[in-house]
Amino acid sequence: PQTRYRHKIPEKKTKKTAKSILKSPIAWQATIFMGLQSMGFYVMIAWLAAILQDNGYEAEKSGWLVAFYQIISLASGLFLPFVILRAKDQSAISAVCGLLCCVGTLGLLLAPQFAVLWLALAGFGGGGCFILAIAFISLRTRTHQQATSLSAMVNGGGYLIASFGPLFFGMLHDIIPTWQFLLIGLTLTGAAQSATGWLAGRKKTVED
């Protein structure tokens, strides 16, 4: 239906918006938040089954637990938008979701026998962080030009950061054949998510 309408954006205005986005601290915070969230999720999907099997889980059960982690991520994504709409800002929600990822991976490191609990926490936190990262694109902008530029920055930069995660941790495991360093890395990633989420969740826009 939108093809019936033509919205022409002046070229100079678009360039000015894109340039101002790159100078905005909150735009960078939203981008890093998206990158850390996606990297944590991709690493978990890539290596979680192997981590569980190294801790004594059978291959079939490990597969089900990976599916469980993704289902919980989806469930939190369906629930969280209602909370976001009613919140004054998103700092506390973002920080809590990041901490859930942190606690979940730390639990897998220290007490893998309770994997269902830890994956429920990590899945809920990770799914929530994804919804928040997408929501920041509209919540931190005032015009559609700003939203377009911030979307390109958050998605392009965020997924670029995320793309190195599975490869880096896989190479690290080849050098040091233990999954402990991966889980420590994901725990630190969750902590960094919490910090950047707190900053990106403040009631500000890219113009502030």
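Annotations
- Highest-MSF residue in the chain out of 143, 105, 187 [GNM, Cα springs under 10 Å]: 143
- In the chain, helical runs assigned H by DSSP with n ≥ 4 each contribute -39500 (n - 2.57); averaged across all residues and rounded to the nearest 500, the mean residue ellipticity at 222 nm is -28500 deg cm²/dmol.
- Under 16 Å from a label point set 7 Å out along the Cα-to-Cβ vector of residue 203, the amide N atoms of the range 81-116 belong to 84-94.
- Taking the square roots of 5 times each eigenvalue of the Cα gyration tensor of the range 54-97, largest first, gives ellipsoid semi-axes of 32, 12, 4 Å.
- Taking the square roots of 5 times each eigenvalue of the Cα gyration tensor of the chain, largest first, gives ellipsoid semi-axes of 34, 17, 15 Å.
- Note that the range 127-135 has calculated 3J(HN,Hα) couplings of x, x, 4, 5, 4, 5, 4, 5, 5 Hz, one per residue in order, obtained from phi through the Karplus relation 6.51 cos²θ - 1.76 cosθ + 1.60 (θ = phi - 60°); glycine and proline are x.
- Rounded accessible area of residue 109 (nearest 10 Å², 1.4 Å probe): 50 Å²
- Principal semi-axes in Å for the range 86-208 [√(5λ), Cα gyration tensor, largest first]: 30, 18, 10
- Between the range 145-208 and the range 39-61, the alpha-carbon centres lie 20 Å apart.
- Measuring nothing but how far apart in sequence close Cα pairs (under 8 Å, 6+ apart) lie, relative to its length, the range 41-158 scores a relative contact order of 27 percent.
- Two-site label geometry, residue 23 and residue 53: point separation in nm, points 7 Å out along Cα→Cβ: 5.3 nm
- Residue-count net charge about residue 182 - beta-carbon cut-off 14 Å; Lys, Arg +1, Asp, Glu -1: -2
- Derived scalar couplings between HN and Hα for the range 31-48 equal 5, 5, 4, 4, x, 5, 4, 5, 4, x, 5, 5, 5, 4, 5, 6, 10, 4 Hz in order, rounded to whole Hz, by the Karplus curve 6.51 cos²θ - 1.76 cosθ + 1.60 (θ = phi - 60°), x for Gly and Pro.
- For the chain, lysine pairs separated by 8 or more sequence positions, or belonging to different chains, with Cα-Cα distances below 27 Å total 20.
- Simple spin-label estimate for residue 60 and residue 184 gives 3.6 nm between the two label positions (7 Å along the Cα-to-Cβ direction from each Cα).
The values are calculated or read from the model by the stated rules, or taken from the named source; none is laboratory data. Here the structure is a predicted model, which means the values were calculated and not measured. Here the Cβ is made from the backbone with ideal geometry for all residues, glycine too, and neighbour counts use every protein chain on show. These accessible areas exclude ligands, DNA and RNA; they are computed on the full protein's heavy atoms, side chains included. Shrake-Rupley method; radii C 1.70, N 1.55, O 1.52, S 1.80 Å.
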